[in-house]
Each structure stands twice: as C-alpha cells, then as structure tokens.
Amino acid sequence: MWQPARRPVRPIGVTTRWSGRGRLLFLLAALGATAPVWPGVQPGSPILDEMLSPGEVAVLVPVVLLFPVSWALLAREPRTGRGVGLLLVCLVAGWSLGTVRLSTYETPPTTDDYLRWYLIAAGLVVLVAAVGTRPVVHKAGFGVWLLGCAAAVAVPVVSGPPTPPSADLPPGITAAENRLDCNRGCTRVQTVPAAGTAQSRLLTRRIGEYLERDGWRMRWYDAAAEPEVECRPPHRLGDPYYLCLQLRAVGDPDAKVEVRLYYRNRHDPVYKPAS
C-alpha cells in the first residue's frame, strides 16, 4: 500500500547551521542599509555641501559593518541568525538615516554621538546573542567583535572647537597683544605693531615665510599683501575641526600685522551659487 514520504526527523539536540547563502544575504542587507550616507545618495540642498565626504564614507562604512560581520561568523542556528541579523540591519539603517537626516554638523556636532551609540548597541546585541546561542566561540568572529569594541572606544567625544594655540613668530618679532575673541568658537589674535603701511606688508611676508617653514602651506599673490593659507586637517577619526591661519596686514594710521588662528568645522554650510 502506497504511503506518502515522510520528512526526516531531526534528532533531538541537533540543530541545522545557518547557510553561507543566508550569511551572505545578511551582510549584503547590512551593506545596503548604509546607502543613505553614500556620496550621491545623501540628501542634498542647493546651498549645502555634502555632509560626509567620500573619504569619510570609505572609513565609516567598514567600521559600522564590523559587528554585522562578527555576527555572520558567530551565528549558528538559522532562525536566530536571521532574527538577530534583522535587528543589526535595523541598527545600521538607523545610524545611516540618523546621520544624514537628524544629526547636526554645526558647533558642536552630533555625528560622533550617533556612531558611538550605534557601536555600543550593536556590540551588546552581538554579545548577548552569541553568549545565549553558542557554547563554543568562533575565534575569527570574536576577533572582529573585539575590533568593533576598539572602534567604539576610538570614536572621539567631539564637543566645541578647542582653543587655538599661539603661532610661532620669527626671532626678533614679538606680539604686542595676544588675545582670544570668542563667540561660537574662539579666535586667537596676535598683533605685531608696524611703523607704517610698507613695513606692515614686509612683516606680513616675513612672518608668512617663517610659518611656511613651520609646515603651513600658503599661496602668495602679487596684488595682495596677505597669502591664502591652507587649513591643517585633524588627526582623529570623527574630528571635524581644521586649524586655520590668517595673516592680515593693516595700514596707516594704525599699522600692524594680525596673526589669526581659529578652528573651522569642515561640515559647516557653504553657500554655493544656484545652478
């Protein structure tokens, strides 16, 4: 007598493993969730620069994907793998949308706050899920998880711009005044008196050439006494503040040279002509 084929019975205590295809789809979904911050996808405005530059995206997206990658290596059972994976994808999407829609790049910025809280939440999700479902730790997955923890600690706490330092002046030149002018941020102003307009121009050139040897990059023009100075970029991931220098030659009757140092937030709005 014909009987329908029975599905094989899984032995008690034996679970299936999450397939490689399922893990790959999860990672692709996590990568897709970062799309809102990609150059060309970020919401734009006719008067605003892009919020995140391509270089920043190239650094931040791999950092954000560290915990999803660690879960793809640690997960065992497919149902738990998919459930926790969906939660991680939602966290990645929350970071992406929050960064481009809600966070501010003014002074102080909040973009670093979004990244830090995402890393903490995602790291805890992976840790709790891995401890609850896997008695044996996958070494590679645990190593990637540790990298994510290191990234969470490395994200700097950025508030307002720091206080600008004083500029080194050439030997024999002394500033008669060294003050801080503070509003949203602080500008350090060093004033060097001059005997007249011609001397203020000569002093500006001498101070500028000395600062060039100190590492400042400048461009001089024949029609102007002051150079165009390139700001110095920060050395920390997530720090938006560039240190900027300005030389100003003031003529008669109060001839002098002003050396101005201040921090500029690279994400502040830059007005552009309408296209």
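Taking into account only those residues within the stretch 139-167 that are in a loop (DSSP other than H, G, I, E, B) and either at pLDDT 90 or above or aromatic (Phe, Trp, Tyr) (or both), which is nearest to residue 62 (Cα to Cα)?
Ranking the qualifying residues of the stretch 139-167, first place goes to 164.
Would you please name the residue that is nearest to residue 256 (Cα to Cα), looking only at residues in the stretch 170-198 that are among the hydrophobic types (A, V, I, L, M, F, W, C) and within 35 Å of the chain's Cα centre (by Cα)?
189
Is it fair to say residue 207 is part of a loop (DSSP other than H, G, I, E, B) and touching a strand residue (DSSP E or B) at 6+ places or on another chain (Cβ under 7 Å)?
Criteria not met by residue 207.
I'd like to know if the stretch 99-107 contains one or more residues that are modelled with pLDDT of 85 or more, assigned to a helix (DSSP H, G or I), buried (at least 16 other Cβ atoms within 10 Å of the Cβ) and of a type in the set (A, V, I, L, M, F, W, C).
No: the stretch 99-107 contains no residue that is modelled with pLDDT of 85 or more, assigned to a helix (DSSP H, G or I), buried (at least 16 other Cβ atoms within 10 Å of the Cβ) and of a type in the set (A, V, I, L, M, F, W, C).
Please count how many residues of the stretch 220-255 are open to solvent by less than 90 Å² (accessible area, probe 1.4 Å) and of a type in the set (Lys, Arg).
1
List pairs: first in the stretch 55-67 and of a type in the set (Lys, Arg), second open to solvent by 40 Å² or more (accessible area, probe 1.4 Å), Cβ under 6 Å, 6+ apart or cross-chain?
none
Each row is one residue, and each column tells you yes or no for (1) more than 19 Å from residue 119 (Cα to Cα); (2) surrounded by 18 or more Cβ atoms within 10 Å (Cβ to Cβ).
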| site | (1), (2) |
| --- | --- |
| 146 | no, no |
| 151 | no, yes |
| 162 | yes, no |
| 166 | yes, no |
| 169 | yes, yes |
| 179 | yes, no |
| 184 | yes, no |
| 189 | yes, yes |
| 194 | yes, yes |
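Could you look through the stretch 51-86, keep only residues that are over 20 Å from residue 239 (Cβ atoms) and part of a loop (DSSP other than H, G, I, E, B), and pick out the one that is modelled with the highest pLDDT?
Top of the filtered list is 65.
Taking the stretch 25-50 only, how many residues are modelled with pLDDT under 85 and either buried (at least 21 other Cβ atoms within 10 Å of the Cβ) or out of contact with any Ser or Thr (no Cβ under 8 Å at 6 or more places or on another chain) (or both)?
10
Condition check ((1) among the polar types (S, T, N, Q); (2) within 23 Å of residue 266 (Cβ to Cβ)) across all residues:
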site	(1), (2)
196	no, no
199	yes, no
206	no, no
212	no, yes
221	no, no
235	no, yes
241	no, yes
246	yes, yes
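Open to solvent by 50 Å² or more (accessible area, probe 1.4 Å), farther than 16 Å from residue 56 by Cβ, at pLDDT 80 or above and not aliphatic (A, V, I, L, M), is that true of residue 117?
Considered against the rule, which asks whether it is open to solvent by 50 Å² or more (accessible area, probe 1.4 Å), farther than 16 Å from residue 56 by Cβ, at pLDDT 80 or above and not aliphatic (A, V, I, L, M), residue 117 comes out as yes.
Can you tell me which condition residue 202 does not meet? The list is (1) in contact with a Gly (Cβ under 7 Å, 6 or more places away or on another chain); (2) open to solvent by 70 Å² or more (accessible area, probe 1.4 Å); (3) of a type in the set (A, V, I, L, M, F, W, C), and all the others hold.
Residue 202 satisfies every listed condition except (1).
Which pairs do you get when a residue that is farther than 20 Å from residue 130 by Cα, found in the stretch 15-39, comes within reach of a residue that is open to solvent by 60 Å² or more (accessible area, probe 1.4 Å) and in a loop (DSSP other than H, G, I, E, B), reach meaning Cβ atoms under 6 angstrom, with the pair 6+ apart or on two chains?
Filtered contacts from the stretch 15-39: 35/41.
Restricting attention to the stretch 227-260, which residues are of a type in the set (Lys, Arg) and over 14 Å from residue 202 (Cα atoms)?
232, 236, 260 - these are the residues of the stretch 227-260 that are of a type in the set (Lys, Arg) and over 14 Å from residue 202 (Cα atoms).
The values are calculated or read from the model by the stated rules, or taken from the named source; none is laboratory data. Here the structure is a predicted model, which is why all the values come from computation and not from measurement. Virtual Cβ from ideal backbone geometry, glycine too; neighbours counted across all protein chains shown. To get the accessible areas, we keep the full protein, side chains included, count just its heavy atoms, and leave off ligands, DNA and RNA. Shrake-Rupley method; radii C 1.70, N 1.55, O 1.52, S 1.80 Å.
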